[in-house]
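Okay, structure first, notes after.
Throughout, read-outs are computed from the coordinates displayed, never taken from laboratory work. Please read these numbers as outputs of a predicted model, since none were measured by experiment. Positions of Cβ are backbone-derived with ideal geometry, glycine not excepted, and every protein chain shown enters the neighbour counts.
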Amino acid sequence: MVFQDEIKISTQGICDVYDITDEINKIVAKSKIKEGIAVISVIGSTAGLSTIEAEPNLIKDFKEFWEKLIPQDKNYHHNKTWGDGNGFSHLRSSLLGTSLSFPVSGGEVILGAWQQIIFVDFDNRSRERTAVVKVIGE
Amino acid sequence: MVFQDEIKISTQGICDVYDITDEINKIVAKSKIKEGIAVISVIGSTAGLSTIEAEPNLIKDFKEFWEKLIPQDKNYHHNKTWGDGNGFSHLRSSLLGTSLSFPVSGGEVILGAWQQIIFVDFDNRSRERTAVVKVIGE
Amino acid sequence: MVFQDEIKISTQGICDVYDITDEINKIVAKSKIKEGIAVISVIGSTAGLSTIEAEPNLIKDFKEFWEKLIPQDKNYHHNKTWGDGNGFSHLRSSLLGTSLSFPVSGGEVILGAWQQIIFVDFDNRSRERTAVVKVIGE
């Protein structure tokens with residue numbers, strides 16, 4: 001069996017973080033697949049996916065980490081291409097990655113108790129985002 | 001066909017590295033799946049998975065790299081939440097990632113001769129860890 | 001259904017970047033799989049895969065980012081093991097990752113309009129590279 005659905009997210013940009021674990025598990029439940037694999041993929045090149053303990057202080061650390069590693073206001077070459085000033089967003093997205101895979105068991109994605117799946121919008125403005133979830137199995 | 005099994009690892013923490021390639025291939029062999037996909041996923045938010053040439057000097061470089069990029073003794077906001085001092089572990093885990101996918105062919109995961117799959121425990125103490133391996137195919 | 005094919009790439013090394021989106025979609029088309037999952041995996045421990053908007057200025061930013069984060073001429077422990085001077089290549093590969101998964105829909109990998117799949121050769125010399133693409137679905 002193969003099943004697909006989408007998650008829609010209205011984001012603020014500038015490294016805001018959304019816990020999408022529940023929405024992913026709702027899609028896995030809808031698929032009726034009990035044992036298999038779920039692949040989640042962001043459409044776009046200025047966002048990313050990861051897992052984290054989604055508690056506010058750690059999210060603050062996460063944002064500070066990205067601002068230090070790939071600062072927003074550096075003069076990126078990409079900013080000359082379109083003039084949209086989001087070179088930092090693209091680099092962060094490339095490093096964090098835009099897709100994730102998880103085992104599905106008992107009709108749920110396998111995760112730890114303090115491990116959530118997050119959608120990160122690295123862009124420098126608010127966006128309407130789509131993440132595609134594909135579930136395959138039996 | 002869908003098959004699942006687990007790898008159990010007793011770790012020391014502080015960025016210790018375990019080559020789990022053989023254990024993954026044993027699970028793929030047990031699955032009897034010859035052609036398909038294997039997804040490996042860590043349960044927990046302070047560990048990670050990657051591929052590397054698992055030779056001692058490079059592992060030393062790998063540990064020094066993480067200590068420089070996300071130092072252990074910085075004053076992370078997360079350390080105020082639970083007081084367990086492992087903010088650095090969570091950030092490293094989020095960046096490296098907690099799951100990997102590989103093609104399976106001829107009943108084995110496809111890798112280069114000098115390319116091993118590693119489990120990295122970023123936590124600041126010893127742990128009993130579980131990695132779930134899901135194999136799907138025929 | 002399970003299908004496998006390979007992409008062969010002659011690279012220059014030193015962080016050169018190749019857009020392999022079209023080659024991946026050709027393999028998905030050959031597989032005749034319309035709905036499913038594609039896993040792409042690099043054979044080797046000095047290359048990587050990611051997604052990016054593959055425009056020349058951003059690729060320039062991408063190269064500068066890696067040179068700053070994991071410089072080529074640092075004295076890595078790994079360089080003592082084989083004397084091939086590519087410790088930096090291995091570390092970059094481990095961080096970026098050597099495999100990616102994507103949902104397949106309508107016989108194509110799902111991506112944004114400005115989102116391409118890239119193969120990055122981090123080694124310090126030209127190489128003949130292989131990326132394996134496994135497609136599973138119906």
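Within the stretch A:90-138, work out how many residues are without any contact (Cβ under 8 Å) to a residue 60 or more places away in the chain and not aliphatic (A, V, I, L, M).
Filtering the stretch A:90-138 down to residues without any contact (Cβ under 8 Å) to a residue 60 or more places away in the chain leaves A:90-91, A:93-98, A:110, A:112-113.
Now narrow it down to the ones that are not aliphatic (A, V, I, L, M): A:90, A:93-94, A:97-98, A:112.
Summing the residues that are without any contact (Cβ under 8 Å) to a residue 60 or more places away in the chain and not aliphatic (A, V, I, L, M) in the stretch A:90-138 gives 6.
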- prompt: Filter the stretch A:125-138 for residues that are more than 9 Å from every other protein chain (Cβ to nearest Cβ) and in contact with a Phe, Trp or Tyr (Cβ under 9 Å, 6 or more places away or on another chain); which is farthest from B:Ala38 (Cα to Cα)?
  reply: A:Arg129
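Considering the stretch B:42-90 alone, what residues qualify as being aliphatic (A, V, I, L, M) and under 17 Å from C:His78 (Cα atoms)? Before you say what the answer is, go through the steps one by one.
We begin by selecting, within the stretch B:42-90, every residue aliphatic (A, V, I, L, M); these are B:42-43, B:47, B:49, B:52, B:54, B:58-59, B:69-70.
Matches in the stretch B:42-90: B:Ile52, B:Ala54, B:Leu58, B:Ile59.
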Residue ID - farthest from the other protein chains (Cβ to nearest Cβ), chosen from residues in the stretch B:54-89 that are in contact (Cβ under 8 Å) with a residue 40 or more places away in the chain and among the aromatic types (Phe, Trp, Tyr): B:Trp66
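Mind listing whichever residues of the stretch B:34-43 are more than 7 Å from every other protein chain (Cβ to nearest Cβ) and either among the polar types (S, T, N, Q) or within 20 Å of B:Ser89 (Cα to Cα) (or both)?
So in the stretch B:34-43, the residues more than 7 Å from every other protein chain (Cβ to nearest Cβ) come out as B:34, B:38, B:40, B:42.
Scanning the stretch B:34-43 gives B:Ile40, B:Val42.
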- request: Please tell me if C:Tyr18 is aromatic (Phe, Trp, Tyr), over 23 Å from B:Val135 (Cα atoms), out of contact with any Lys or Arg (no Cβ under 6 Å at 6 or more places or on another chain) and outside any loop (DSSP other than H, G, I, E, B).
  value: yes
query: Just a yes or no: is a residue in the stretch C:44-53 more than 30 Å from A:Gly36 (Cα to Cα) and either of a type outside the set (Gly, Ala, Ser) or away from chain A (no Cβ under 13 Å) (or both)?
result: yes
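When you look at C:Ile27, is it of a type in the set (A, V, I, L, M) and under 11 Å from the mean Cα position of the chain (by Cα), yes or no? Working first, answer last.
On the way: of a type in the set (A, V, I, L, M): yes; under 11 Å from the mean Cα position of the chain (by Cα): no.
So C:Ile27 fails the test.
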field: helices (runs of 4 or more DSSP H) contained in the stretch B:32-138 and holding at least 2 residues within 17 Å of the chain's Cα centre (by Cα) and surrounded by fewer than 19 Cβ atoms within 10 Å (Cβ to Cβ)
entry: B:56-69
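Could you list, in sequence order, the residues of the stretch C:1-22 that are acidic (Asp, Glu) and either over 14 Å from the mean Cα position of the chain (by Cα) or more than 25 Å from A:Phe3 (Cα to Cα) (or both)? Walk me through how you get there before you give the answer.
Just the residues of the stretch C:1-22 that are acidic (Asp, Glu), to begin with: C:5-6, C:16, C:19, C:22.
C:Asp5, C:Glu6, C:Asp16, C:Asp19 - these are the residues of the stretch C:1-22 that are acidic (Asp, Glu) and either over 14 Å from the mean Cα position of the chain (by Cα) or more than 25 Å from A:Phe3 (Cα to Cα) (or both).
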statement: Of those in the stretch C:100-124 that are more than 21 Å from A:His90 (Cβ to Cβ) and touching a strand residue (DSSP E or B) at 6+ places or on another chain (Cβ under 9 Å), the residue farthest from the other protein chains (Cβ to nearest Cβ) is C:Asp123
